[in-house]
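I have placed the structure first, in the form of structure tokens, so that the comments after it can refer back to it.
The values are calculated or read from the model by the stated rules, or taken from the named source; none is laboratory data. For clarity, every value in this text was computed on a predicted model and none was experimentally measured. As a convention, Cβ positions derive from the backbone with ideal geometry for all residues, glycine included, and neighbour counts pool all protein chains shown.
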Amino acid sequence: MKLLILGGSGQLSGRVAELALSQGLEVWTLTRGIRPLPRGVHALTADREDDAAVRAAMASAGVHWDACIDCTGRTAHSAAQCVEIISRWTERFVVVSTDSVYDPHFKTVGQDETNEHYLTDGGYGANKRLMEETFIASPLNYTIFRPGHIFGAGFQLGCYPEHTRQPDLLRQLRAGAPMRLVGGGAFLIHPVYVDDLVLALLDCIGNPACFRQVFCIASPDVVTNAEYYRLIGRIIGCEVTVETIPLDGYLEAHPQYSGHLCHRCYDLTKLRTAGVRMPCMPLEEGLRRQIAWLEAQEETV
């Protein structure tokens, strides 16, 4: 199978490339050519903001791909680029969106794909929803995934305001610094392990039950945000102290965190019914692997 990845040097897209290669796929990547790529890919170079450059890169490859996985699309323009340009070289698209498309004021515990209250505030989640709508309105054979917090090797720890993707989180915990959590970290989170997500992306390519469908996706464990940080502490042998930041007024002062200050817990019935490879990594084991990767990076500095 010939696979085109829009991306290939990022935290998620690089892992897509690595696992696709390990499964025997022939892989092309489209990036700006700034960061290193996994060994074994065919590199195409273009900035996705430049449609002419993307068109030229596609044409230069001289390939018809069996599928394209879009890891870098964020806007209606990026989706239109797939519809109008990239679809000349492939008919199958698997798209990484986000759970941030949902309006947090209407989210449910066990959120599923039938809840169609979406953000329209012009921010990241709203733009991702416009991207989704462009695919949905097109004739393309798409599958859209909505992951929440992605964790695992390649990613920084932290999933909540004040401590999101924090490079020095382990150092802070070992020094006894309290975790400053809004509302005490009582909201639920349902993370997805990076390899679980990638394997589902790859698994859905040839599955007709996934064609022109949208899926929530997460790994098995649901915990509070406070428990997420306490679990990290247990793994590294440190007691975690939580300092509660009052919820009242916080969102008004920090509207960029609206997608975090709500329960982020998903019903995966639709994904399971479609026969997609289900995420299976336990949160504790996935965090152990993520922490081991982070500690290995520290040793090389």
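Quick notes on this structure:
- Residue in region 96-103 that is part of a helix (DSSP H, G or I), in contact (Cβ under 8 Å) with a residue 24 or more places away in the chain, in contact with a helix residue (DSSP H, G or I) (Cβ under 9 Å, 6 or more places away or on another chain) and of a type in the set (Val, Ile, Thr) present: yes
For (1) over 18 Å from HIS77 (Cβ atoms); (2) without any contact (Cβ under 8 Å) to a residue 24 or more places away in the chain; (3) in a loop (DSSP other than H, G, I, E, B), each residue gets a yes or a no:
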{"position": "ALA20", "(1), (2), (3)": "yes, no, no"}
{"position": "LEU30", "(1), (2), (3)": "no, no, no"}
{"position": "ARG35", "(1), (2), (3)": "yes, no, yes"}
{"position": "PRO38", "(1), (2), (3)": "yes, no, yes"}
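- Qualifying position, being out of contact with any Gly (no Cβ under 9 Å at 6 or more places or on another chain) and either at pLDDT below 95 or among the β-branched types (Val, Ile, Thr) (or both), among VAL95, VAL41, VAL63: VAL63
- Filter result for the condition that a residue is in contact (Cβ under 8 Å) with a residue 24 or more places away in the chain and farther than 16 Å from LEU201 by Cβ, over THR75, THR90: THR75
- For region 14-26, the condition of being more than 23 Å from ILE217 (Cα to Cα) and surrounded by fewer than 15 Cβ atoms within 10 Å (Cβ to Cβ) holds for at least one residue.
- Pair list, Cβ under 6 Å, 6 or more apart: region 255-267 residue modelled with pLDDT of 95 or more, other residue of a type in the set (Gly, Ala, Ser) and buried (at least 18 other Cβ atoms within 10 Å of the Cβ): ARG264/GLY148; TYR266/ALA218
- Residue that is over 17 Å from the mean Cα position of the chain (by Cα), touching a residue at least 24 places away in the same chain (Cβ under 8 Å) and within 21 Å of HIS260 (Cβ to Cβ), where the choices are LYS128, LYS107: LYS107
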